Amino acid sequence: MPRPTLLVAEPEPTQALSVRKLVLETAKFNVLTAHSNREALDIFDLFPNISMAVLVGESGLDCGALARRIRAATDKIPILFLTGRIAAKCECATHTLHSGEPEQVLELVRSLLGDPRELNGNQRENKDRAS
């Protein structure tokens with residue numbers, strides 16, 4: 001079973017890579033990153049079989065439009081909306097986290113998709129048993 005793939009749409013980070021992306025990739029998730037609505041939609045069109053979308057509610061991204069477009073294509077994947085504002089909402093998002101702390105994001109993603117480190121371990125065990 002392949003590792004889950006996340007589409008993360010967030011504004012361009014001030015540092016070279018976002019901490020969120022590094023934490024998710026270190027946890028063995030595949031991460032496709034977009035820094036604009038157009039880029040997010042282009043990536044989704046190229047890779048429609050993503051496991052989850054993570055939309056960061058910052059200026060420059062229309063999370064509602066992105067969530068509606070993804071939801072129109074499939075209702076099977078979770079859409080996580082991240083925002084630092086308590087009252088902020090994103091229609092069509094299935095989950096909202098009022099924090100962008102990478103560890104909290106990772107915890108929620110793992111609770112929804114499982115832990116890819118365990119998937120890889122199970123695959124190795126199954127291969128070893130078959131040998």
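The values are calculated or read from the model by the stated rules, or taken from the named source; none is laboratory data. Bear in mind the structure is a predicted one, so any value in this text is a computation, not a measurement. We place every Cβ from the backbone using ideal geometry, glycine too, and count neighbours over all the protein chains shown. Only protein heavy atoms, including side chains, enter the accessible area calculation; ligands, DNA and RNA are left aside. Shrake-Rupley method; radii C 1.70, N 1.55, O 1.52, S 1.80 Å.
With each run of n ≥ 4 DSSP H residues scored as -39500 (n - 2.57), what mean residue ellipticity at 222 nm is computed for the chain after dividing by its residue count and rounding to the nearest 500 deg cm²/dmol?
On the way: 5 runs with 56 residues, N = 131.
My calculation for the chain gives -13000 deg cm²/dmol from helical runs alone.
Please report, as a whole percent, how much of the solvent-accessible surface of the chain comes from carbon and sulfur atoms (probe radius 1.4 Å). Working shown, then result.
On the way: 3810 of 7450 Å².
The nonpolar share, carbon plus sulfur, comes to 51 percent.
Placing a label point 7 Å from the Cα of SER111 along the Cα-to-Cβ direction, the residues of the range 67-85 whose backbone N falls under 16 Å from that point are 78-83.
Give me the extension gain from GLU101 to ARG85: residue separation times 0.36 nm, minus the current Cα-Cα distance, reported in nm with one decimal.
Details: separation 16, 0.36 × 16 = 5.76 nm, distance 1.32 nm.
Length gained between GLU101 and ARG85: 4.4 nm.
No disulfide-compatible partner, judged by a Cβ distance under 4.7 Å, exists for the following cysteines of the chain: CYS92. Taking a ≥ b ≥ c as the square roots of the eigenvalues of the Cα gyration tensor, an a/c ratio below 1.5 marks the range 1-94 as rounded. Applying a length cut-off of 20 Å (Cα extent along the axis) and a mean Kyte-Doolittle floor of 1.6 to the DSSP H helices of the chain leaves no helix.
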